[in-house]
Amino acid sequence: MASQSIDRPVIFIVGPTASGKTNLAISLAKKYNGEIICADSRTIYRKMDIGTAKPTIEEQHQVKHWGIDICDVGDRFTAADFQKYAKEKIASIQKRGMVPFVVGGSGLYIDSLLYDYSFAGGYDQKKRQILETQTVEELQKYCLNNNIKLPNNSKNRRYIIRAIEKNGNRTDKKAVQDNYIVVGISTNRDVLIDRITKRAEQIFSNGIVDEAKMLGDIYGWSSEVMTANIYHIVQDYLRDEITYDEAIANFILDDLHLAKKQITWFKRNKHIRWYSLDGAETYISRLLSLHNQ
């Protein structure tokens with residue numbers, strides 16, 4: 001990525017699901033003339049509104065959001081696609097004199113920008129030779145550690161290698177640009193569990209069952225996106241395989257598992273400064289106030 005002036009900061013707010021990133025980003029963006037780029041591999045899909053906890057229409061009216069409703073369910077949208085999209089939006093936002101806020105929990109999306117990953121077409125022969133020497137278990141662990149979704153046949157070596165190769169060839173940069181401010185939201189485990197539980201209950205009360213029915217009718221339940229996240233749980237409920245309360249409980253467990261994976265991913269990043277929500281707001285506000293002087 002071309003060097004950008006330190007006078008034009010890019011704010012990254014990262015962390016686990018339900019940690020309060022969105023509300024914090026909206027508050028700061030309103031105060032400091034910013035726009036938000038959602039770094040979330042779920043909010044990119046049209047019609048998936050409730051189940052992905054997408055920023056509401058009201059929230060989107062308060063601050064301009066990007067990275068939402070980019071493609072239809074079933075469309076292919078890779079980390080490389082996000083990187084290209086986000087780079088263009090960052091440049092456009094800065095050109096208009098605004099502050100870009102990159103906000104989300106999709107680790108590969110965030111890292112593709114922080115470290116300017118190179119997503120080359122095809123495959124790297126040397127890299128494939130190395131992958132071919134690894135066991136299925138080692139390949140699965142690699143995917144887990146790099147936030148790469150395993151293929152449906154997760155025991156097929158060839159399928160796993162292709163899944164890894166689809167995520168591109170990453171550069172080995174160790175530093176981020178000087179004008180990147182990277183903040184992680186650190187949340188007490190009990191508080192996070194409470195937030196995830198309340199959000200799950202709200203998602204179900206907001207009509208996730210009807211949304212899932214609609215999406216299932218349009219795109220089919222076997223779509224890869226439909227088999228992920230909350231929609232497969234709703235399908236189990238609609239098949240009378242679980243009760244309504246069990247569906248909520250299963251979704252809470254899924255989100256807790258997601259949060260744990262996100263925390264593990266981001267905690268390895270030495271460039272992230274970790275704060276509570278209040279601490280993050282104070283830190284970012286101080287830096288942006290200095291930039292505005």
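Every read-out reported here was derived from the displayed coordinates using simple, explicitly stated rules and does not represent laboratory data. Since the structure is predicted, the reported quantities are computational estimates derived from the model, not experimental observations. Neighbour counts run over all protein chains shown; Cβ positions are idealised from the backbone, glycine included.
Of all DSSP beta bridges located in the chain, what percent are antiparallel, nearest 5?
Details: 1 of 21 bridges.
Of those bridges, close to 5 percent are antiparallel.
Less than 14 Å Cβ to Cβ from ASN153, Lys/Arg counted +1 and Asp/Glu -1: what total charge do the surrounding residues give? Spelling it out: positives minus negatives among the neighbours equals +4. The calculated 222 nm mean residue ellipticity attributable to helices in the chain amounts to -15500 deg cm²/dmol, summing -39500 (n - 2.57) over DSSP H runs of n ≥ 4 and dividing by all residues. If you take semi-axes √(5λ) of the Cα gyration tensor in Å from the coordinates, which of (i) 67, 17, 10; (ii) 30, 26, 18; (iii) 35, 20, 19 do you get? Identified label for the calculated read-out: (ii). Amide H to amide H distances under 5 Å link GLY67 with CYS38, where only residues 5 or more positions off or on other chains count and H is placed in the peptide plane. Karplus-derived 3J(HN,Hα) values for the range 48-54, using 6.51 cos²θ - 1.76 cosθ + 1.60 with θ = phi - 60°, are 8, 9, 6, x, 9, 6, 4 Hz; glycine and proline are entered as x.
Under 16 Å of direct C-alpha separation, and excluding same-chain neighbours fewer than eight residues apart, LYS127 reaches these lysines: LYS166. Put simply, the amide H of VAL10, placed in the peptide plane, has neighbours under 5 Å in TYR180, ILE181, leaving out anything fewer than 5 places away on its chain. Structure remark: mean-square fluctuation, Gaussian network model of the chain, C-alpha springs under 10 Å; the largest value among LYS155, LYS21, LYS47 belongs to LYS155.
For the range 192-293, the list of GluC sites (Glu not before Pro) that fall in a loop by DSSP and count at most 16 other C-beta atoms within 10 angstrom reads GLU224, GLU241.
Under 5 Å from the amide H of PHE77 lies no amide H of any residue 5 or more positions distant or on a separate chain, with H modelled from the backbone and absent for Pro and chain starts. Rounded to the nearest whole Hz, the Karplus-based 3J(HN,Hα) values (6.51 cos²θ - 1.76 cosθ + 1.60, θ = phi - 60°) of the range 197-211 follow the sequence 5, 5, 5, 4, 4, 5, 4, 5, 6, 7, x, 5, 5, 5, 4, with x at glycine and proline.
Here the Karplus curve 6.51 cos²θ - 1.76 cosθ + 1.60, taken at θ = phi - 60°, turns the phi angles of the range 106-112 into couplings of 7, x, 5, 4, 5, 5, 4 Hz, with x standing for Gly and Pro.
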